[in-house]
Amino acid sequence: MMTAAVCAVVAGYHSYTAIAEWVADVPATTALALGITPDRRPSKAMIRRLFAGPRRRR
């Protein structure tokens, strides 16, 4: 999923919403090449969590 997000940013999509829309709109063959199952694309929330990194425990 990180590869797909990086591709979206390189293509000019910079917000979480824009990246999620780019991932949702790529053809199924491209999604597969990026390691994403075409019928289970990541949501905006998932992309935000990806970029946020791991949460620290207290």
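A few comments on the model shown:
- Residues (of a type in the set (D, E, K, R) and either within 20 Å of S15 (Cα to Cα) or touching a residue at least 60 places away in the same chain (Cβ under 8 Å) (or both)) located in region 31-57: R41, K44, R48, R49
- For region 14-30, a residue qualifies if it is assigned to a helix (DSSP H, G or I) and more than 12 Å from M1 (Cβ to Cβ), and the qualifying residues are Y16, T17, A18, E21, W22, A24, D25, A28, T29, T30.
- Considering region 14-30, and only residues there that are under 17 Å from R49 (Cα atoms) and without any contact (Cβ under 8 Å) to a residue 12 or more places away in the chain, the residue that is most open to solvent (accessible area, probe 1.4 Å) turns out to be H14.
- Scanning region 31-43 for residues that are open to solvent by 50 Å² or more (accessible area, probe 1.4 Å) and either within 12 Å of M1 (Cα to Cα) or hydrophobic (A, V, I, L, M, F, W, C) (or both) yields L32, A33, G35, T37, R40, R41, S43.
- Scanning region 1-13 for residues that are farther than 15 Å from R49 by Cα and not in a helix (DSSP H, G or I), we see that the one that is nearest to the chain's Cα centre (by Cα) is Y13.
The values are calculated or read from the model by the stated rules, or taken from the named source; none is laboratory data. Predicted model, so just to flag it, every value in this text is computed and none were measured. So basically every Cβ, Gly included, is an ideal-geometry build from the backbone, and we count neighbours across all protein chains shown. With ligands, DNA and RNA removed, areas are computed over all heavy atoms of the protein, side chains included. Shrake-Rupley method; radii C 1.70, N 1.55, O 1.52, S 1.80 Å.
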